[in-house]
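Bear in mind these aren't lab numbers, they're just calculated from the coordinates by the rules spelled out. What you see is a predicted model; the values in this text were computed from it and never measured. Counting neighbours? That spans all protein chains shown, and the Cβs are built from the backbone with ideal geometry, glycine included.
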Amino acid sequence: MKKQVLFGLVAGIALMAGVSAASAQDAGEGEKVFRQCKACHSLDAGKKGVGPSLHGLIGRQSGTVEGFAYSPAMKAANITWTPENLSKYLADPKGFVAGNKMAFAGVKKEDDLKNLVAYLGEAAK
Ligand code: HEC
């Protein structure tokens, strides 16, 4: 009887720990998600690829990296890249900025998206 109570307690704690770990943002995990972006984006200032440098992204105005040929849609979007707006854009790039030319379908898993935005908050300040 005692054993069963103890087992229940341990299982309960493990369950709670698991649930909170799964819902927390994890920048380390986000760095892995960012691999999908690296083909086109650098975090180094002034280093452009297929896409603009994401250096200084958080708080930046959309379409403003000097020397990058943005689409007219992105130039006109007038978005501040807050974590909230980034989440919306990265979940569905074409839906959030219609006509923008980023050839990326979006980050579909909610945890991946949260972790990615947490990572960018640290790495792309
Ligand atoms: C196939 C290349 C490609 C991939 C992969 C890609 N991007 Fe982009 N990204 C672009 C291009 C091109 C633009 C410019 C869009 C425009 O001008 O319409 C862009 C624009 C952006 C912008 C707006 C930048 C600004 O200066 O306003 C952000 C933010 C961004 N990408 C983040 C990401 C992240 C994060 C990922 C990974 C989840 C990613 N991108 C994956 C090509 C890519």
Residue satisfying condition, being surrounded by fewer than 16 Cβ atoms within 10 Å (Cβ to Cβ), touching a His at 6+ places or on another chain (Cβ under 6 Å) and not hydroxyl-bearing (S, T, Y), within set A69, A45, A105: A45
Taking region 30-68 only, how many residues are in contact with a helix residue (DSSP H, G or I) (Cβ under 7 Å, 6 or more places away or on another chain), near the ligand (Cβ under 7 Å from one of its atoms) and among the small types (G, A, S)? 2
